[in-house]
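The values are calculated or read from the model by the stated rules, or taken from the named source; none is laboratory data. Small disclaimer: the values here were computed from a predicted structure and weren't measured. Glycine gets a Cβ as well: all are built from the backbone with ideal geometry, and neighbour counts include every protein chain shown. Accessible surface is based on the protein model in full, side chains and every heavy atom, while ligands, DNA and RNA are left aside. Shrake-Rupley method; radii C 1.70, N 1.55, O 1.52, S 1.80 Å.
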Amino acid sequence: MNAMITLWQSAVTFGTVIMFGALGEILTEKSGNLNLGTPGIMYLGSITSLIAAFLYENAVAEPVAWVGVLLSLLAGLLASTLGGLIYAFLTITLRANQNVTGLTLTIFGSGVANFFGGSLSNLAGGVGQISVATTSSGYRATTALANLGAVGKMFFSYGFLAYVAVILAILMSLFLNRTRQGLNLRAVGESPATADATGINVTWYKYLATCGGAAITGLGGVFYNMNYIRGSWSTDGTIEGLGWLALALVIFASWKSLNAIWGSYLFGILYWMYLYIGGLTRYSQELFKMLPYVVTIIVLVFTSMRKKKENLGPAALGLSYFREER
């Protein structure tokens, strides 16, 4: 029983990181923009939140957790939104290739994060010495409900961002399916020329969806730093791997935010399952880590064979819109 609870807790923590990335990308792709810069944006959110928390905790004698949380959260949101704005300007205004721009943004975000991560390590006294324990404790704080035995451990033993991710997924589903603005956004992603002809400001919706999606994606980087690795910095490239997994989750969830909730937790279970199976070699453990990607490929093949429109992405996904060609 304890092993199952531990596996579930690991899956939720792991899944929350990629859920934020997937939700941000779903919102972006609903506008027709394919942003492969998700890992880079997560890097930006991660490093800027860490910098803000580190500078704050080293500037005051007795740092307060909620102040560190607020400053790091704002820094992460601003940096990731800026990353989305850069992508939007290049692909919407300048009509650059979306695939190339997204991949470039990933490389840029990774380079910026590792450069400043190394600088922070030097300031902290060496590799592995960075710690923002006070701010991290604020992110990981739980309520008294966490003490309610097995139920408390399974459902109430996580920081507030884990619940924010679920709430965002529900709100996004309501927005896309029940509001006029959400339906307009979906129309832009399906046929920007038709949407433009009906009076919808295509450029405005694409900018808002791309920047808003990037801000949500950045929260995945913040959660990774403050919850997943408890307020430190790692150069092992895990964030980039989680970013690509978030992109896979978008396909697995069929571009539906509610599916991203259970899909992210399933990915977490599949990813960490090898720890609870005895007799595995190091090589077989790596095979188990591939399971989320294998499942995504299977789902992609299955949905492509069924050819149900509601399980496919927006029709104009990845295509730049030229109004003159309308």
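Of Ala195, Ile51, Asn97, which is farthest towards the positive pole of the chain's charge dipole, taken about the Cα centre with +1 and -1 on the beta-carbons of Lys, Arg and Asp, Glu respectively?
About the Cα centre, the residue reaching furthest to the positive side is Ala195.
When a/c is below 1.5 the answer is rounded, else prolate if a/b is larger than b/c, else oblate, so apply that to segment 194-320 with a ≥ b ≥ c taken from the square roots of the Cα gyration tensor eigenvalues. Could the numbers behind the result be given before it?
Details: a/c = 3.04, a/b = 1.52, b/c = 2.01.
Verdict is oblate for segment 194-320.
Can you give me the solvent accessible area of Ile107 with a 1.4 Å probe, rounded to the nearest 10 Å²?
The accessible area comes out at roughly 120 Å².
Under the classification rounded if a/c is under 1.5, otherwise prolate if a/b is larger than b/c and oblate if not, where does segment 38-128 fall, given a ≥ b ≥ c as square roots of the Cα gyration tensor eigenvalues?
Because a/c hits 1.5 or more and a/b fails to exceed b/c, segment 38-128 counts as oblate.
Could you order Trp255, Trp244 by accessible surface area, starting with the largest, using a probe radius of 1.4 Å?
Trp244, Trp255
Beyond 17 Å, what percent of the Cα pairs of segment 114-197 remain?
Within segment 114-197, distances greater than 17 Å cover 71 percent of Cα pairs.
What are the membrane-span-like helices in the chain by this rule: whole DSSP H runs, Cα extent along the axis at least 24 Å, mean Kyte-Doolittle hydropathy at least -1.0?
Sorted by number, the helices that extend far enough and score high enough are 2-29, 38-59, 65-88, 98-124, 160-178, 202-223.
Students often check this: by mean Cβ neighbours within 10 Å, which of 200-206, 68-74 ranks highest, and how do the rest follow?
Working: 200-206: 18.1, 68-74: 21.4.
The most tightly packed comes first, giving 68-74, 200-206.
How long are the three semi-axes of the equivalent ellipsoid of segment 139-182, in whole Å, if each is the root of 5 times an eigenvalue of the C-alpha gyration tensor, listed from largest down?
Largest first, segment 139-182 gives 30, 10, 6 Å.
If you average the C-alpha positions of segment 150-229 and of segment 77-92 separately, how far apart do those two centres end up, in angstrom?
15
Keeping all protein chains in the complex and leaving out DNA, RNA and ligands, what accessible area do you get for Leu78 with a 1.4 Å probe, in Å² to the nearest 10?
Near enough 130 Å² of accessible area.
What does the convex hull of the alpha-carbon atoms of the chain project to on average, in nm²?
Values: hull surface 73.7 nm².
With every direction weighted equally, the projected area is 18.4 nm².
Using unit Cβ charges (K, R positive; D, E negative) and no other charged atoms, how large, in debye to the nearest 20, is the dipole of the chain about its Cα centre?
Working: 18 positive and 12 negative charges, 164 e Å.
About 780 debye.
Could you check how many percent of all C-alpha pairs in segment 1-87 are farther apart than 14 Å?
Summing the P(r) of segment 1-87 above 14 Å gives 71 percent of all pairs.
Taking the Cβ of Ala146 as the center, what net charge do the other residues with Cβ under 14 Å away carry, scoring Lys and Arg +1 and Asp and Glu -1?
Values: positive: Arg140, Lys153; negative: none.
Combined, the nearby Lys, Arg, Asp and Glu give +2.
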